[in-house]
Each structure stands twice: as C-alpha cells, then as structure tokens.
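Undergrad: Below is one structure. I have some questions about it.
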Amino acid sequence: MTVQEKIASLPLKPGVYQFFDEKKDLLYVGKAKKLRLRVRSYFQESKNHDRRIQVMISKIRHLEVIVTDTEAEALMLEHTMIKTHQPRYNIMYRDDKSYPYICITNEDRPRIYPTRTPIQDGSRYLGPYDHVGHMKKTLDTLRQMFHLCTCAVSVKTVDKARGAPKWRRCLDGYLGQCSVDLPQDEYSDAIRLIEKVLSGKTEQIRRELVESMETASEALHFESAAKIRDSVQSLDVFSQKMKLVEEITVNRDLFALALSQEIDEACGVLFRVREGKLIGKFHRFMKNLGERTSAEIMQSFVEDYYTGQHAEIIPNEVMMSEPIEDPEPILEYLSNELGKKVKWLYPKIGEKKQLVNMAISNAEFQLKQRELEKLEADRDRTPKSLEDLKTYLHLSRLPRRMECFDNSNMQGSDPVASMVCFVDGKPRKSMYKKYAIKTVVGPDDFASMREILRRRYGRLKKEGAHLPDLIVVDGGKGQLSAAVEVLEELDLMGAVDVIGLAKRLEEVFLPYKKDSILIPKTSPSLRILQQLRDEAHRFAITFHRDKRSKRTLKSDLTTIPGIGETTSKELLRTFGSVQSVRHASLAELQEAIGKKMGARVYEVMQQKR
C-alpha cells in the first residue's frame, strides 16, 4: 500500500503519526486531532511548507499511526516517542539533562540533595533551577531552618549503584545533633515541611509552625517552642527574599518566548509563581526550528515541559506571552492531572501583562547571550568556500556578506520580490526583505528587478549604510544587465560586486563578460550560491502565496454567508488551501467546523467546482 493510499484509509480520530524514509529511519513524529486531515495536509501541493519540511516530505516512504482515545493521550505518546527516538525533523532542545534539581529520595528516611541526573526510582525531583549556586544556598538555608544535619543533604558519599548518597555520621553527630538519631515522625515532618516550602506553600507552613509553637508553649515545652520560633523567623526571612509578583496567593506558571533569526534558535522561559511569589525560573534553548511559527514553538515548549521530567506541580493558572496553535490537548491533560479545569490566559493589559513582559525580557536576555557566544565563535572563522568563490569569480573582495534577489508572480498578478542575506555562508534572516512591486504592470521580471534594486541600494546610499560584498540576482544575462543598469545609475559599480546565477546549467554571469563561468559541480562554493538562490526563491514564493491567499481567502471563503475570518482560517489550517476546501467531502467539512456551517460551505463550493 502506498503512502497516499494509506492516508485515504486513516480515521478521523486523534492519534500519533510517524514518517519514515526508505531505510525505515524515523523522520518525524506528530500528533493530530484528526489523523487523516493532518497527515494529508503534508502532501497537498498548495500547502505552504518551508524548505526543510519540503525536503522531509520528499523522503517519506512509509507511514505509521497509533490511534488514541483522546488528544491528551496522543500528546503524552508523542512526547515519549520524540524523547526516545529524537527524529531529525522535530524541534530539538539543548542541554536537556544539565539542569540542577533538588531530589527527595523515596525511602523511609528520605534525604534531600542536589543532582543533575534524575533517575526513575520513585524519588521526587523539584526544579529545574536556573542557577545551581542559588539552589544550594536555598537547600542549606532550609536544612538549618528545620534543624537537619549535613548528612541529610550530603552528596559526598554516593551509592554508585543508585546514584544517591548513603547515610553517614557527620560532624553534627559528635554534637549529638545528627539527623540519623531523630525519631522517625519528627524527621518525616521536617522533610514534609521542606518539600512544601520548595513548592511555594510558605503561608501554609507558617501557620502550621505558629500553631505548633503555641501548643508547645502551652505545654511548657519552652525549648521546643523556641526552636520552632527560630524556624518561623527563618521562614519569614526566606519568604521576604522571594520576589513578590502579586498580592493574591495564586499558583501560576508563566511562559514566554524569544526568537532569534540570527542563529535560528529560540529561548523559552518559565516563571513558577506560588502563593504570589516567584519561587523559580527556568529556560531552555530550542533549535531545528525551520519556518515554524512562534505559536508552534511555544506549543512545543509548553508541551515538552509538562509531559517531561521538568514539571513538578500542576498550577491553577497558566499564562503565556502569546497564544499557542492548538491548546486543547495540553489543557485537557493538565486539567485531568489537577482534577479541575486549569485557567489558560494570554494577558494583554495590566499587572499580568507587566509580569509577562518581565518574562519576555528574561527570554530575550538569555537568547542575546547565546547569540553573542555563537557570533563571537564565528567572528574569526572564514569558510574556505568563500575564499574559493572569490578566486573562481575573480571578485574584488571576499564575499562575506551576500544579498540575493528573486521575483515571483502568477501571470502578472500579485507581483512580489525578495532579498535574502547570507553572512559567512549562513542565512542571516533578520536582514531578509520582502518587496511588493509597485511600478511594474504585468509579468516583467527585468523591470521588477530594476525596481527592487533601485529601492534597496538607493536607500542604502542615501542613508550611508554598509553595502554587501556581493549582489546575486536569480537569472542570466537579462537580470544581470538590469542590475548593472541600476548600479551604474546609482554610481555604485565597483563599490560592490554583482553576478547573475542561471539555474539551467548553474552558470555564473559577470558584468561586461560575454561567456559564463562554470564552478565545479562538487564545489562547496557552488553549493553556497545554490543555497542562497534557492532561499531567495523560497522566500519570494512564500510571500507571493501569502499575499495571494489573503486575496483568495477574502474572495472565496469570507463571502460565504456566516463564514468569517476565524472560520476561514480554521478551514485553511485544517485543509491547507482553498482548493482543498473545494474538494473536501461534506463529512470532512462538518467534522471541521460543525454540521450547519460545513453544509453551507459544501453547498457553495460545489457550485464553484
């Protein structure tokens, strides 16, 4: 059975799908609310996939699915399979096992100690923590607050078979204060209180301690009362050091995201707020993003956190800096775990928005640090392929920064153009530009090329900005002549190198030269030019499709009575294109948007077929 035949037989039920190549190597794992619709969307020609996903689709030879009863089950299964197999085309996380945790061991007399290697032995792991120094200081403060000795939190003697510390006599033992000698109930109470404090339940613990202190005082156990009084005072100092973010005692997780086109990575930040206090912060870097939207990346970050080993307590509320693409599976999962509905918030104004902005600032700071580290490492590293390219094309300077242009239109309609930038042979997406053609009527690629080059370099000259080392136009002699004409007009010939790259034979054309240059097919220099040209083409095509889709959306879907922009976008998200909506069955449309609206769309689309 072919992949397409298998897709046609898939159920309209939730589940997990897996794509394999011809060697049966796993390419991608995903979840779906309706398996058939989601999997089919990958193979629709009009679906606007980024280049990375297009490459993945071209490799798919086998398909397997696992049907689940609910989306929440699909979410958990997807997470497990991604962690187990690490498919090449799923979002990848950096430093997945390097975060410090506080471990509370699963035994009659639990120990509490810091670790970076959680193991599945029934122990509880609190964290992760962003700063190991702060975590250890917190742990030491709590040890003293609840009168435990150092061996209760020691990692100096480790049981290598279990990765946990052994009990041992410590210095406190010589003073008659070793925790190994404490009565079991007293020791268990101390561990329980520490666990609650680490979970942010400081107000509850304070009330319990005050009641115990008063009871001991009334019973004339003044030494015990004084000991508890010291614990209350230490707890008050500890609580004051926590950042108070809200007056109300709410338990909330707050997620924020920052994206860097410079290094094609993202940073997700989590703030853990318990009883109105910020008790912990956690961040992760994500790569392998492709052209995924911020909503998709945020969804991956949130789902990975709650379904992985990092989550400790399900909060009453979850706040995010922006909506995720499909919140239903994770919301269902969290509500089931908590035993009641979890609130899902996207603050736009007020104090909650200020808290979100603080989390965003933290994410941006972490990502900026990561950017600087990577750029610093690459600063003095010039790829040999660029030196070879300078030699092959007799360029006047090393082409460290290259800008490439391409046009896109459909029989003259919705004409657009793109400019992409490579620095040291790598995409610099923050410098990409989109152009809507303004002065050209009809499909005239040469005139369009003149317009965008005039706009781009006329502006750079006016502003006194830096020019690229090399300008590449997608095309042969005609497009190159148009580029040379504009550069001569702007008096920039000689200030920057310019070439044309023709796709048919991968010929490179130089200004004022009759014959083309053929760079060896196996040369990394040619591959850089091809990647640059293909990226400009992809970027132009994507912009053109988006522009055409908005026009088509307005004319074909939103004109149907009762169908607004929200429903139209839901149809496009489900089916991939207006053309696919047109060919969808009545059952599929009703499954996607309801019986009444589905029947209305089906009736109108049948008339247009």
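Undergrad: In what order, largest first, do ARG61, ARG450 sit by accessible area if the probe radius is 1.4 Å?
TA: Greatest to least solvent exposure: ARG61, ARG450.
Undergrad: A further question on this structure: Scan around ILE437 for amide H atoms under 5 Å from its own, H built in the peptide plane at 1.01 Å from N, and keep only partners 5 or more places away or cross-chain.
TA: VAL416, ALA417
Undergrad: Percent antiparallel among DSSP beta bridges with both residues in the range 387-490, to the nearest 5?
TA: Given both bridge residues lie in the range 387-490, the antiparallel proportion sits at roughly 80 percent.
Undergrad: Here's a follow-up. So which of LYS277/LYS348; LYS287/LYS352; LYS6/LYS59 end up more than 23 Å apart, counting from Cα to Cα?
TA: LYS287/LYS352
Undergrad: Here is a follow-up. Ordered by residue, what ³J(HN,Hα) values in Hz, to whole numbers, does the range 333-340 give under the Karplus form 6.51 cos²θ - 1.76 cosθ + 1.60, where θ = phi - 60° and Gly and Pro are x?
TA: 3J(HN,Hα) across the range 333-340, in whole Hz: 5, 5, 5, 5, 5, 7, x, 7.
Undergrad: Sticking with this one: Sequence neighbours fewer than 8 away in the same chain don't count; with that in mind, list the aspartates and glutamates whose C-alpha is under 13 Å from LYS429.
TA: GLU262, ASP264, GLU265, GLU291, GLU403, GLU535
Undergrad: Report in % the part of the accessible area of the range 1-86 that belongs to carbon and sulfur, leaving out ligands and nucleic acids; probe 1.4 Å.
TA: C and S fraction of accessible area: 48 percent.
Undergrad: Continuing with the same structure: Explain nothing, just compute: Karplus ³J(HN,Hα) = 6.51 cos²θ - 1.76 cosθ + 1.60, θ = phi - 60°, for every residue of the range 383-388 in order, whole Hz, x for Gly and Pro.
TA: Coupling constants for the range 383-388: x, 4, 4, 6, 5, 5 Hz.
Undergrad: Roll a 1.4 Å probe over the protein heavy atoms and report the accessible area of ASP424 in Å², nearest 10.
TA: We get 30 Å² for ASP424.
Undergrad: Here is a further query. By DSSP, what percent of the beta bridges with both residues in the range 260-397 are antiparallel, rounded to the nearest 5?
TA: Roughly 75 percent of the DSSP beta bridges within the range 260-397 come out antiparallel.
Undergrad: Cα to Cα, under 14 Å, and not fewer than 8 places away if on the same chain: which aspartates and glutamates meet these conditions relative to LYS569?
TA: Excluding near neighbours in sequence, the set is GLU325, ASP326, ASP546, ASP556.
Undergrad: Would you check the accessible area of MET493, probe 1.4 Å, heavy atoms only, in square angstrom rounded to 10?
TA: Looks like 60 Å² after rounding.
Undergrad: Under 15 Å between C-alpha atoms is the cut-off here; go through the range 440-564 and count lysine pairs that meet it, provided they're at least eight residues apart or on different chains.
TA: Within the range 440-564, the lysine pair count is 4.
The values are calculated or read from the model by the stated rules, or taken from the named source; none is laboratory data. What you are looking at is a predicted structure, and each value in this text was computed from that prediction instead of being measured. Calculation scope for accessible area: heavy atoms of the full protein, side chains included, ligands and nucleic acids excluded. Shrake-Rupley method; radii C 1.70, N 1.55, O 1.52, S 1.80 Å.
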